[in-house]
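The values are calculated or read from the model by the stated rules, or taken from the named source; none is laboratory data. From a predicted model like this one, the values you see are computed outputs, not experimental measurements. So basically every Cβ, Gly included, is an ideal-geometry build from the backbone, and we count neighbours across all protein chains shown.
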Amino acid sequence: MEDFTTDAPVIEGLSLPNLERLLKLAFAAVRVKDDVPRKSGVLFSPTQREDAERARGAAFSRLLHTPGRAAFNAILDLRRIPDFPIDEASLRQFEGAGCKKFGFRHVEAK
C-alpha cells in the first residue's frame with residue numbers, strides 16, 4: 001500500500017532499467033530550460049510543472065545514490081543523450097564521486 005501522506009515522489013521500488021527509462025522521459029518532457037524560476041524564501045503555491053520538476057530531480061538523485069557498476073554506467077550514459085541539460089563537466093564530477101563511492105577506479109576514455 002502506498003503512503004499518500006507525503007508529497008515525496010515514490011521511486012524507491014523502480015528497477016535500474018526502469019529508472020533509466022524514467023529519467024530519459026523526464027528530461028525530454030520536463031526540460032530544464034523551461035523550469036520555473038523561484039526566489040528562495042518566497043512563499044508560492046507549487047504548480048503541476050513544479051511537481052514534475054521535483055519528480056525529475058528525485059529520480060536523478062535516486063540514480064546518483066544507487067550503488068553498483070550498473071548505476072555508475074547509467075550516469076555515464078546520460079552524457080550520450082543529445083542536448084542533455086547537465087553539462088559533461090558536471091556529470092564527470094558525479095563520475096569521480098561515483099568511483100570513490102562504488103569502490104572502483106575511473107579510467108578516462110581516450
Kindly establish whether Leu22 is at pLDDT 85 or above and either among the β-branched types (Val, Ile, Thr) or assigned to a loop (DSSP other than H, G, I, E, B) (or both).
no
Residue within segment 78-98 that is part of a helix (DSSP H, G or I) and modelled with pLDDT of 80 or more present:
yes
For segment 100-108, check the following and say yes or no: at least one residue is touching a His at 6+ places or on another chain (Cβ under 6 Å), farther than 17 Å from Leu14 by Cα, at pLDDT below 75 and in a helix (DSSP H, G or I).
no
Give the number of residues within segment 69-85 that are free of Cβ contacts under 8 Å to residues at least 40 places away in the same chain, surrounded by fewer than 17 Cβ atoms within 10 Å (Cβ to Cβ) and not charged (D, E, K, R).
3
Checking the structure you have, find out if any residue of segment 57-72 is outside any loop (DSSP other than H, G, I, E, B), in contact with an Asp or Glu (Cβ under 6 Å, 6 or more places away or on another chain) and within 21 Å of Gln93 (Cα to Cα).
no
